[in-house]
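The values are calculated or read from the model by the stated rules, or taken from the named source; none is laboratory data. The shown structure was predicted, so the numbers you read here are calculated from the model rather than taken from an experiment. Cβ coordinates were reconstructed from backbone atoms using ideal geometry, including for glycine residues, and neighbour counts include every protein chain displayed.
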Amino acid sequence: MSNIEKLQPASRGDTLMYIPYYGKELHEILPHALSLYQQGFLEGERVIEGKANIPFVAIWYVSKLPAEPTRCRIQFNGSAELSYEINLSNSEFIEYLIVLIKNFKSTRQTDFSQKFYRKLLRLDD
């Protein structure tokens, strides 16, 4: 069982601070995304169409405020050469976690969105 399925929602107090950052359609998943964020790490698999999935571990610095920056580091396949870092605001990172949880519910796969990977790899800069 994935740790996403075991997530307990974050407290209402923690969640209230983040509600203004997201549209109503994301509010239902927000407490679970915040709970995942508060763990400071995630194990998943990058889904590669037609190939074997690539396992990854993501770790990040946890802080309380939506506008504070967080640094997320992702390592693929347990290889130091395949490590990437991204700096973004907590509210933006938590939105990626919301999307990850939404996708997990439909695909049963723990993976970040294409949009997240484009930002991680700086493909849109």
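Going residue by residue through segment 87-106, is there one that turns out to be among the hydroxyl-bearing types (Ser, Thr, Tyr), at pLDDT below 95 and in contact with a Leu (Cβ under 8 Å, 6 or more places away or on another chain)? No, that holds for no residue. Would it be correct to say that Ala58 is touching a Cys at 6+ places or on another chain (Cβ under 8 Å), among the hydrophobic types (A, V, I, L, M, F, W, C) and either closer than 18 Å to Arg118 by Cα or surrounded by 12 or more Cβ atoms within 10 Å (Cβ to Cβ) (or both)? Yes. May I ask you to verify whether Glu45 is under 16 Å from the mean Cα position of the chain (by Cα) and either among the acidic types (Asp, Glu) or exposed (fewer than 12 other Cβ atoms within 10 Å of the Cβ) (or both)? Judged against the criteria, Glu45 is a match. When the criteria are applied in full, Leu88 fails the requirement of being surrounded by 13 or more Cβ atoms within 10 Å (Cβ to Cβ), in contact with a His (Cβ under 6 Å, 6 or more places away or on another chain) and on the phi < 0 side of the Ramachandran plot.
Of all the criteria given as (1) outside any helix (DSSP H, G or I); (2) hydrophobic (A, V, I, L, M, F, W, C); (3) under 14 Å from Ser35 (Cα atoms), the one not satisfied by Ile101 is (1).
Going by the conditions given, is Tyr117 part of a helix (DSSP H, G or I), farther than 30 Å from Gly13 by Cβ and of a type in the set (Phe, Trp, Tyr)? Yes, satisfied.
Only residues that are over 12 Å from the mean Cα position of the chain (by Cα) and either on the phi > 0 side of the Ramachandran plot or of a type outside the set (Ser, Thr, Tyr) (or both) were counted across segment 72-85, and they come to 8.
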